[in-house]
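Read the structure below first, then the notes.
The values are calculated or read from the model by the stated rules, or taken from the named source; none is laboratory data. Every value quoted in this text rests on a predicted model; they were computed, and no experiment measured them. A quick note on method: Cβ atoms are made from the backbone with ideal geometry, for glycine too, and the neighbour counts reach across all protein chains shown. Just so you know, the surface numbers come from the protein's heavy atoms only, side chains and all, with ligands and any DNA or RNA stripped out. Shrake-Rupley method; radii C 1.70, N 1.55, O 1.52, S 1.80 Å.
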Amino acid sequence: MVAASKNMVFFGGAGVSTESDIPDFRSKKGLYNTQEAYGYEPEYLLSIDCFEERQELFFRYYKENMVHQDALPNAAHKALAQMERKGILRWIITQNVDGLHQAAGSHKVLELHGANSRQYCVECSFPYGLYYVLDIKNNDGFVPKCDCGGVVRPDVVLYGETLDEKVINIAVKAIRAADLLIVGGTSLAVYPASGLIHHLPSKGKMVLINKDSTPYDKDADLVINDSIGKVLSAICDLL
């Protein structure tokens, strides 16, 4: 299917980065074990409500759980970058905010949930890098502040916020033009991102690569329950 494809798109989730030792939300070892440590569910800790109501708690959780500066691209990221260089892969649509696709060399990346490498002031919109949020000298406790006095927040989509309409529109257009959609490392449980697969045209084929089953397995042309890095690397080797 990959060899025959003229317009392939990859849509990935947290499972793409777990092989870089970045935990996902829904695994037993993932971030859903944090209620005891922080007193709240991750959905609240990463919500716009928490950001507005309990900023110190928000930034403490964010810095301790969502920033992985030592993480490196894994076999899946590298294989996708290789496919792009060969002209096989047209777009990567990712739910991740870690920037590992770009670190591996991919350029056509649509970040549905933003990127934690980018920060901005909520008052004046001045942009900052991740270094500013992590640098304790620039922080009021755990809360980073701009020179104007505004809070500097991550440029990511928090629970309770809407996705960037421009990014969504490009992603929809990419999937509508695809003849092959490879979905990997996602349970397809988070809406509206999971709804993107419905834009694949009827003549397009869909492959699901995930260690666990998903609600959409029955709709796929092929389901592979295995390591995404292993599978994508094997595809590159065959090509």
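Structure summary
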quantity: Beta bridges by DSSP in the chain, antiparallel share as percent, to the nearest 5; calculated: 35 percent
quantity: For the chain: relative contact order, % (alpha-carbon pairs under 8 angstrom, 6 or more apart); calculated: 23 percent
quantity: Residues of the stretch 196-239: accessible area per residue with a 1.4 Å probe, Å²; calculated: 59 Å²
quantity: Dipole moment magnitude, nearest 20 debye, the stretch 1-120 about Cα centre, only Lys, Arg, Asp, Glu C-beta charged; calculated: 820 debye
quantity: The chain, dipole about Cα centre (Lys/Arg Cβ +1, Asp/Glu Cβ -1), debye to the nearest 20; calculated: 1020 debye
quantity: Net charge of Cβ neighbours under 13 Å - reference C124; Lys, Arg +1; Asp, Glu -1; calculated: 0
quantity: Accessible area per residue in Å² at 1.4 Å probe, computed on the stretch 41-80; calculated: 46 Å²
quantity: Over the stretch 110-211, equivalent-ellipsoid semi-axes from the Cα gyration tensor in Å; calculated: 36, 14, 10
quantity: Accessible-area composition of the stretch 192-239, carbon plus sulfur, in percent [1.4 Å probe]; calculated: 51 percent
quantity: Greater than 26 Å apart at Cα, pairs in K86/K203; K166/K211; K63/K211; K78/K218; K108/K145; K63/K230; calculated: K166/K211; K63/K211; K78/K218; K108/K145; K63/K230
quantity: Charge dipole of the chain about the Cα centre (unit charges at C-beta), most positive-ward option of H77, S125, G87; calculated: G87
quantity: Mean separation of Cα contacts under 8 Å (6+ apart) over length of the stretch 100-195, as relative contact order %; calculated: 26 percent
quantity: Qualifying trypsin sites (Lys or Arg not before Pro) for the stretch 102-162 [loop in DSSP, other Cβ within 10 Å: at most 16]; calculated: K108
quantity: Overall form of the stretch 161-213 per C-alpha gyration tensor (a/c, 1.5; a/b vs b/c); calculated: oblate
quantity: Percent carbon-and-sulfur accessible area, the stretch 50-170, ignoring ligands, DNA and RNA, probe 1.4 Å; calculated: 48 percent
